[in-house]
Structures are given as structure tokens and as C-alpha cells.
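*Asks:* There's a structure below that I have some questions on.
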Amino acid sequence: MWLLGVPWALALLVSAAPPGPSAAPLDPASIFSDLSPAELRAVRTFLMERPELGLAPSRGGPLAKNSVFLVELLPPPKRVALRFLAHGGPRPQREARAIIFFGAQAEPNITELAVGPLPRPSSYRVLGLKGGRAVPFWARPMTQLEYELLHEALVAAVAPLEPLLREATGFGFQNCSVRCLTFSDIAPRGLGPGERRTWLVIQRFVEGYFLHPVGLEVLLDHRDPDPRHWAVQQLWYNGRYFGSPQELAELHARGVLPLARLPEPPAHHLFSSYEPRGRFFTGTPTEVHGAKVCEPQGRRYRLRGNRLEYGGWSLAFRLRSSAGLQLFDVRFGGERVAYELSVQEAIAFYGGHSPAAMQTKYMDAGWAMGASSYELARGVDCPETATFLDAHHLLDADGPVRFTHALCVFELPTGVPLRRHFDNDFQGGFNFYAGLEGRALVLRTTSTVYNYDYIWDFLLYPNGVLEAKVHATGYIHATFYTPQGRRYGSRVHSHLLGNLHTHLVHYKVDLDVAGTGNSFETMAIRFENISNPWSAGARVVQPQGDPGRSGRGTLSGPAPPPQVGPAPRLTPPPHLPRYHLAVTRRHENEPSSSSIYSQNNPWDPPVTFESFIRDNETIEDQDLVAWVTVGFLHVPHSEDVPNTATPGNAVGFFLRPFNFFDEDPSVASRAPVIVRPLDPPTCSRLEIQRWTPPSPGACIHPEPFTYNGTYRPL
């Protein structure tokens, strides 16, 4: 048994071109590998050449057009993959998932297509969502084109406010090259289905602009595909609401508007920057390098394409554009323990006094958090010894884009022994000492979804334990300080309110322990009070395990954070955060608990997790999926400036073997140290047993720090 530890309409089209030979590597893990740049181009070219689709380039042109938004791998059905992996069946054909925005038709919609076979696609078919539901066009994710049009509409709409903004902030929108204003948008974009109106937080465009709101928030309606019909519906400035920019501008012109005057930002040591300032009290030298990770005898893991092997572990991995890291075919000691382990969603619910703050309910899959995997810095984001891997995404672009060093793999000394014991002889000596150093292999990527940076880790330990962990860092989502806002957060700087929010992260764990037929069981620990069998009249209070809860439905408890109750015209929460752990039967039409469309349609999302668990199916001896929610409440404080730090802001869970092995499998490691006295109890002569070299030797990474930071079309 393995334990989960939780700390908290188109028709088929076939062209005349015959399918070509597969270009995929021969390693079985390659059936799960992300699409190569050549495959991404082939899919886009094939779709663009289909006249019945009427596709136009993604960049430029009008919003009311048909275009390719996303292309990524469509993993093979599980039964087909297992037939190949476990039974020597045929290699599954590679297919792509393509998201098409059909905006240039009478009833605009979003349609998903399966395109294949790769590397030379010749056909496509519609991928229906569960229940056959269609995705309305207004639920689409934002694109670069829409952001550009949104900026143009905002600049034009707030032109009457330029004197106010210049006087209060020293920055502006009009004819701007320096000392410019910018904006951050929040979501959901409205209060009910069919809406697409967004509150925009106006900020000074300086380093760390997320911490520089100017006190103005603008509600702009942009549902119509024609930007000429977009309009500002409402404004909030310095704690008050206004019906139009003209109303606000007139009050300012008459001199009756209280201005939120901001001090001039300094040229250096801006509070939102990373520039060093101040000194540590102890005088600890920080101008020199600190401790580093090293590999004195070279790498102990093996990386072949998307196959990763370390100790007893073997797995395939990919970085999907839509939602991030995804592991497949996870094995220990050659035996599969999980078919899939993947990130599903990252959510942040906010509260506040300003309209933007109270409306913010971020669902980061809707912002394609997997494609927000920007370059990892060697020696900072990952150790110098790490292996770095590029990623290729085709998202809102007219070709694949390479994201340099988007993932890294490294072996990490944990700083604490995996096991150790000092066997005291209680005579001033010892019978023996033994210890095994603690190490883990880390697979890491990040998602920078505008202000927040999520660091995603999967850690493999030599004792058969797997840890999934996420750290939150980056800039807090902050709003302009008002006295009324103190109920919803902390004043973290003179004009800045750090808003209360809850982070929730959802994972999919498709466990296959000794096959696909698994059951779910819990163990309740209770205390019993019994008569002492060896002392009449005495009582014994002791813990007792009460195993054996399984069967139908979901066994779960409420998720860690408070819930947002549904009410008329109130944005309802997604269904997935209600449970620490939910266990369901696996279905091919339930691949994910959330979707890229839920952010802009949370009221009636195409994927409703609650439907996964309300079908009253048996979960005994079935192919099961565990859905895990972890999270934490973040009460921002001044120490979150300039950025939220990772200590104390990490959550995750463990997969641990439970009576699966005869003993701890890490006994296979040749890294323990055993010390035995040869002359007990004097202990003046010792026998030291090691199976590794006595000294690891010098260990310095010779290459200087380099960084590129770009992600460009190929």
C-alpha cells in the first residue's frame, strides 16, 4: 500500500497525405514527451491549410477571427499506453491537442481538436468536453492582441484624467515614453455568465510596479469583439466610486476632489527593487559566495529525453503549456506505483476594500501557467550543478517559442540524515553509530503568472518516498491603501495595502499500486480506556488504529481555507477546494479537475470537479485517482516587501510506501557510515565502514554566472 500524506460542429477530416514515420525516440517514455518544435509547426501548418477552418494568424488583425490559441501534446488513452508499456503492445500514435478560437462566425465559440498522427498530421477530430458542453467565446483566455487593444481603449478612455494623474503621481498615459502608467487586470471578468468586464488597477511603471498602485481602478467592458464598442462603466479613486472619467475629471478641475498624492520614487533603492540596502547586524559577509551544492564524483541520476532515473526511481515527465508539470509511469524498483502525478490548478482568493481586490479570484490554469515557465537562473533558482532543459510552447503565437532553461534537475543534500542512530552503551561510550546521508532528486520548474512566482518541485527520496511541493514567492497582489482597507489586510508601505488571500493548489494522483485495481482505505486513530490486565483496578489509556473505511463516493474533509459562500451575482468558488482529499474512479473523460476556461467562466465552468465525485461509483478494486488540495492563508506584512519569501510559504504532500516493501528500500544505498568500537567500553580504537571514497574531494563549479532571460519564436 502507498499512503498519501496531506499537511494541509466539426466533422472528421482526412487528407490524402499518408502518415509519415514516427520521429519520436525509442524510449517508451517518449509517448509522454512534449511536442517538439517540428511537431508544433506541423500541427499549426496543417490546421492553417484547412480551408473549412478559415484560420488567421494569432497576432494582429481583429478579435473576431478564427485562430489557433494553443497546441500541446494530447496524451494517449491510459489503456493504450499501458498496453504498450506493460504488455508490449503497439506504440500509441502521437496526437496534439489544439484549442481554436472561432470568433468569425455567427455563434462564436471555442473548440478543441485532436490532431494527428504526428509527426505528419493528416486528420483532426473534435475533442468534446464531458457532457458535450460547448465553450462560449466570451470564456476564452486573454490574448496578447486583446491586451494591446485593452491598453489602447484604457488610454483613450482616461485621457480626461491626465491632469489629475500627472498632478497626483507625476506619471501619465498620454504620449508616454518615460514616467508612464501601466495596469494590472484581475479576474473573474464580471459577476455572471456572458460578461467580460475587467477591473484594471492603475500603477506607476517602475521596477516592481505591482507595489505601486496610484489609487485609481477602472472597470472596462470589453465583451464585444469590436473594440469600438468597449466602454468604461465605473471608476474607483482613493476610496470613492465614480460613474465616468468625465465626472472624476470635473471634480478635480473644480478643486473639490481629495487627491492621493504619491511621493517621487527615488532613482536608487526603490522599496520594490532587489537592490541591496542596509547591513546585517552581525556583520555576516554577504559579498562572498555561501554554501553550494556539488557533485564530487559526477551525476548520480540519468536523464534520457524525458525519462528520469535515480536510485530506485524511474519516471517520464512533461511540461504542458496549459497547467504545468506532469509525471507519467512513475516506478520504484521497476514496479509502477503511479500512472500520473500532475499539477491541476493554482487558485488565490482575495478580499479587499477596493473593487479590484474584492473581485480577485485567480485561477492560474486560466492564464496558462505551464507556459509561464521562464528561465531558471543557475546558482539561484537551481544549483550550479543542475541539468537545465528548454521548453517549447505554442500559445497565442504563430509558431513555437523556446523558453530557455525552463526546467532543471539536480540532486540535493537535504541537510538532515535519511536515517541515523547512536547506540549508547551508557558507560560513556557507544556500541555503534550508523547514519545515511539525506539526499533527494529534484525536478523543478516555475510559473510566473504576472506578480506571483510559483516554484514547482517533485522530490524523489531513496526510501521510496515522493514529495510534491510548491513554494510561493514574487510580488504580492496589492492595492491602494485606504483606512477602510485595514480590515482586509496589512499596510505594508505608505500607500500600499497587502490584501488577505488564500492559496490553494490542486494535484491529480493516479495511483497504480500493484496494478490498476486499487481500493481506498483510511485509518482512524482513537484512544481506548481499558482495564489494566496486569494490575487490578488500574486503567490503561492508549491509542488504537481503526482501519477500514472505503467503498463508494468520497472520503474527505473541508479544505484548509474558509469557503466563499454562493450568493446572487457573487462569484462562486470552484468546487475543487472543498476537499483535502477526494478519491474517484478514473475516467478518460475526466483528465483534469479544472480547465483553461474556468477563470473567465467560474459560474458555469466547462469542467466541474463536483461532478467527478457525485456519481456514487464504487471505489473498491477499481482504477482510482486521488485529488489532493493543499494551501495556506497569506496575511501580507511589511516583510513581504519587496517580495514574498519562500520560507513559511510552501505546501505539498507525500506519497509514502506503507507495508509495501519488506524493509526500507534505501538499504540498497552504498552511502551509509557505520562506526563500531573495537575495544568497548574504552572506544579508543574504531572500525569505520564506508562504501564511498573517504573524502569527496574538491567541488567547485568552474563556470561563471550567466543568464539570458529571453523567450523567442524559433
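*Asks:* Before we move on, is Arg133 surrounded by fewer than 16 Cβ atoms within 10 Å (Cβ to Cβ), touching a Gly at 6+ places or on another chain (Cβ under 9 Å) and over 30 Å from Ser30 (Cα atoms)?
*Replies:* Details: surrounded by fewer than 16 Cβ atoms within 10 Å (Cβ to Cβ): yes; touching a Gly at 6+ places or on another chain (Cβ under 9 Å): no; over 30 Å from Ser30 (Cα atoms): yes.
No, not satisfied.
*Asks:* I need the full set of residues from segment 398-432 which are surrounded by 14 or more Cβ atoms within 10 Å (Cβ to Cβ) and of a type in the set (A, V, I, L, M, F, W, C), in order please.
*Replies:* Hits for segment 398-432 are Val401, Phe403, Ala406, Leu407, Cys408, Val409, Phe410, Leu412, Leu418, Phe430, Phe432.
*Asks:* For the subset of segment 86-100 comprising residues that are part of a strand (DSSP E or B) and open to solvent by 10 Å² or more (accessible area, probe 1.4 Å), which member is farthest from Pro76 (Cα to Cα)? Break it down into steps so the answer makes sense when it comes.
*Replies:* Of segment 86-100, the ones part of a strand (DSSP E or B) are 94-100.
Remaining after also requiring open to solvent by 10 Å² or more (accessible area, probe 1.4 Å): 94-95, 97.
Numbers: Arg94: 7, Glu95: 8, Arg97: 11 Å.
Among them, the one singled out is Arg97.
*Asks:* If you take just the strands (runs of 3 or more DSSP E) that sit entirely in segment 385-461, which of them hold at least 2 residues that are farther than 19 Å from Glu375 by Cβ? Write out each step before concluding.
*Replies:* Values: elements: 387-395, 401-413, 419-424, 430-436, 439-449, 452-460.
Ranges flagged: 401-413, 419-424, 430-436, 439-449, 452-460.
*Asks:* State which residue is modelled with the lowest pLDDT when the search covers only segment 644-674 and only residues that are surrounded by 17 or more Cβ atoms within 10 Å (Cβ to Cβ) and over 16 Å from Gly464 (Cα atoms).
*Replies:* Within segment 644-674, the match that is modelled with the lowest pLDDT is Pro672.
*Asks:* Next question. Please find, within segment 410-426, the residue that is farthest from Thr682 (Cα to Cα) out of those that are modelled with pLDDT under 95 and aromatic (Phe, Trp, Tyr).
*Replies:* Phe422
*Asks:* Kindly indicate which of Gly311, Gly290, Gly298 is in contact with a Lys or Arg (Cβ under 9 Å, 6 or more places away or on another chain) and closer than 17 Å to Leu412 by Cβ. Break it down into steps so the answer makes sense when it comes.
*Replies:* Numbers: Gly290 fails: in contact with a Lys or Arg (Cβ under 9 Å, 6 or more places away or on another chain); Gly298 fails: in contact with a Lys or Arg (Cβ under 9 Å, 6 or more places away or on another chain).
Going through Gly311, Gly290, Gly298 in turn, just one is in contact with a Lys or Arg (Cβ under 9 Å, 6 or more places away or on another chain) and closer than 17 Å to Leu412 by Cβ: Gly311.
*Asks:* Can you tell me which residues in segment 157-181 are of a type in the set (A, V, I, L, M) and open to solvent by less than 70 Å² (accessible area, probe 1.4 Å)? Explain how you work it out, then say what you get.
*Replies:* Step one: filter segment 157-181 for residues of a type in the set (A, V, I, L, M), giving 157-159, 161, 164-165, 168, 178, 181.
Matches in segment 157-181: Ala157, Val158, Ala159, Leu161, Leu164, Leu165, Ala168, Leu181.
*Asks:* Which of the residues belonging to segment 105-137 are aliphatic (A, V, I, L, M) and more than 25 Å from the chain's Cα centre (by Cα)?
*Replies:* Within segment 105-137, the first condition is being aliphatic (A, V, I, L, M), and the residues that meet it are 106, 110, 113-115, 118, 126-127, 129, 134-135.
Within segment 105-137, Ala106, Val115, Leu118, Val126, Ala134 qualify.
*Asks:* Moving to a separate point now. What is the one condition in (1) surrounded by 13 or more Cβ atoms within 10 Å (Cβ to Cβ); (2) closer than 30 Å to Val201 by Cα; (3) at pLDDT below 95 that Val293 does not satisfy?
*Replies:* Status for Val293: all satisfied but (2).
*Asks:* If I filter segment 63-73 for residues that are in contact with a strand residue (DSSP E or B) (Cβ under 6 Å, 6 or more places away or on another chain), part of a loop (DSSP other than H, G, I, E, B) and either crowded, with 21+ Cβ neighbours inside 10 Å or assigned by the TED database to the domain that holds Gly399 (or both), do I get at least one hit?
*Replies:* Checked segment 63-73: no residue is in contact with a strand residue (DSSP E or B) (Cβ under 6 Å, 6 or more places away or on another chain), part of a loop (DSSP other than H, G, I, E, B) and either crowded, with 21+ Cβ neighbours inside 10 Å or assigned by the TED database to the domain that holds Gly399 (or both).
*Asks:* What is the residue count in segment 582-594 for residues that are part of a loop (DSSP other than H, G, I, E, B) and either open to solvent by 20 Å² or more (accessible area, probe 1.4 Å) or at pLDDT 95 or above (or both)? Show your work before the answer.
*Replies:* Here is the first cut: in segment 582-594, the residues part of a loop (DSSP other than H, G, I, E, B) are 586-594.
Then keep just the ones that are either open to solvent by 20 Å² or more (accessible area, probe 1.4 Å) or at pLDDT 95 or above (or both); that gives 586-589, 591-592.
Residues meeting the conditions: 6.
*Asks:* Can you tell me which condition Lys469 does not meet? The list is (1) more than 22 Å from Leu633 (Cβ to Cβ); (2) open to solvent by 10 Å² or more (accessible area, probe 1.4 Å), and all the others hold.
*Replies:* Every condition holds for Lys469 apart from (1).
*Asks:* Hey, among Ala365, Ala338, Ala316, Ala348, which residue is farther than 30 Å from Ala698 by Cβ and out of contact with any Asp or Glu (no Cβ under 7 Å at 6 or more places or on another chain)?
*Replies:* Matching residue, one of Ala365, Ala338, Ala316, Ala348: Ala348.
The values are calculated or read from the model by the stated rules, or taken from the named source; none is laboratory data. All values reported here derive from a predicted model rather than from experimental measurement. Because the Cβ atoms are built from the backbone with ideal geometry, glycine has one as well, and the counts that use them run over all protein chains shown. In case anyone asks, the SASA skips ligands and DNA or RNA and just uses the protein heavy atoms, side chains included. Shrake-Rupley method; radii C 1.70, N 1.55, O 1.52, S 1.80 Å.
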